[in-house]
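Comments concern the structure below.
Any read-out appearing in this document is the output of simple, stated calculations on the displayed coordinates, not a laboratory observation. Computed from a prediction, not measured in an experiment: that's the story for all the values here.
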């Protein structure tokens, strides 16, 4: 079910973050907007996302790509069945393979 898990990194200076990950680790820039998305050319599932400061509060820590809208629905239903307080937001385009992704926020 899980295609990839994507960590979000803090980066108050996106240009410096971009330079660091590209020059030190050799990652490629996969996306510039709405977040800085970097990935390995050798292993495209190895990625890191750096949102601009203040884009979303609280800032996400990681994302899980489950691949399809049906898999999102199944994960959401299982979380609800377990009594985990979650909310789901409508689709947003964040460069996922099918052009859309959903955000499910787990209440803390």
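Please work out how much length the chain gains when fully extended from residue 71 to residue 31, using 0.36 nm per residue of separation minus the C-alpha to C-alpha distance, in nm with one decimal. It would help to have the intermediate numbers written out before the result.
Numbers: separation 40, 0.36 × 40 = 14.40 nm, distance 2.42 nm.
Once the chain is fully extended between residue 71 and residue 31, it gains 12.0 nm.
If the viscosity is 1.002 mPa s and the temperature 20 °C, what translational diffusion coefficient in µm²/s does Stokes-Einstein give for the stretch 1-64 when Rh comes from Kirkwood over Cα pairs?
179
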